[in-house]
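First comes the structure, then the notes that go with it.
The values are calculated or read from the model by the stated rules, or taken from the named source; none is laboratory data. Since the structure is predicted, the reported quantities are computational estimates derived from the model, not experimental observations. As a convention, Cβ positions derive from the backbone with ideal geometry for all residues, glycine included, and neighbour counts pool all protein chains shown.
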């Protein structure tokens, strides 16, 4: 099967610091891949390279477009990457706090609307119809994420776990084929993490979305991921199924320490 995203020999330097070194990774449609490793291993740097925030020093990432063509992400701006079907969340929640939950999701719909500047100024019928449709679509997403009752509440008034779900709902409003989640369970309690687990499974199984996940909660990783890629100091040191990675001595040494085991964290 042709990968949805193919990363080949991706390298990222910051002056004399090499954050990623010749990293290869493939993600297939409707697949969940976890990216794990110690803090500073280069995980978020990889996300930034994929989404156009950083331009890699060498190598490239290619996306299999909806029409079947392979498109290089090299040199694209973040909004162009989003338009191709890749969207992300961040380690730190980046909602528009004083806007309502519904308005936050509607912002995510913006990249799929066609009104343009003239339509926004003239407020013609097509623009008004498009805005109503965007509101309806956004409300349906809020319902799917269990947030409908918060539709008119300011985003910063929502409980922490609800804010995390809202950020994912906003990302889904862009209609991604690949969703990048950067530590989505950070700061969540056990109940909130279980709810997040169910949401991610539904996105993959019902929406067919591929997911690349950075996460330190090993229970969540082992529950969700079909494949796991392990990085350390910018290099991939292991890749495989959760069972394979759990037993890998190099992973245990680099990620958990000499005297620990994955079993204690999964």
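Going through 235, 177, 170 one at a time, which residue ends up being closer than 20 Å to residue 48 by Cβ, in the same structural domain as residue 36 (by TED's automatic domain parsing) and touching a strand residue (DSSP E or B) at 6+ places or on another chain (Cβ under 9 Å)? Before you say what the answer is, go through the steps one by one.
Details: 177 fails: in the same structural domain as residue 36 (by TED's automatic domain parsing); 170 fails: in the same structural domain as residue 36 (by TED's automatic domain parsing).
None of the other options fit; the residue is 235.
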Selection count, the stretch 1-28, where residues are surrounded by fewer than 16 Cβ atoms within 10 Å (Cβ to Cβ), part of a loop (DSSP other than H, G, I, E, B) and in contact (Cβ under 8 Å) with a residue 12 or more places away in the chain: 2
Residue pairs meeting the criteria (Cβ under 6 Å; at least 6 apart or on separate chains; first without any contact (Cβ under 8 Å) to a residue 60 or more places away in the chain, in the stretch 79-106; second assigned to a strand (DSSP E or B)): 84/63; 98/154
Qualifying residue in the stretch 181-189 (condition: in contact (Cβ under 8 Å) with a residue 60 or more places away in the chain, part of a strand (DSSP E or B) and assigned by TED's automatic domain parsing to the domain that holds residue 161): yes
Candidate set: the stretch 58-82, residues that are touching a helix residue (DSSP H, G or I) at 6+ places or on another chain (Cβ under 7 Å) and surrounded by 14 or more Cβ atoms within 10 Å (Cβ to Cβ); chosen: the one nearest to residue 174 (Cα to Cα): 82
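Considering the stretch 42-57 alone, what residues qualify as being crowded, with 16+ Cβ neighbours inside 10 Å and farther than 11 Å from residue 13 by Cβ? Quick ask: steps written out before the conclusion?
As a first pass, look at the stretch 42-57 and keep what is crowded, with 16+ Cβ neighbours inside 10 Å: 42-52, 54, 56.
Across the stretch 42-57, the qualifying residues are 42, 43, 44, 46, 47, 48, 49, 50, 51, 52.
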Pick from the stretch 89-124, criterion part of a helix (DSSP H, G or I) and either assigned by TED's automatic domain parsing to the domain that holds residue 51 or modelled with pLDDT under 70 (or both), ranking: surrounded by the fewest Cβ atoms within 10 Å (Cβ to Cβ): 117
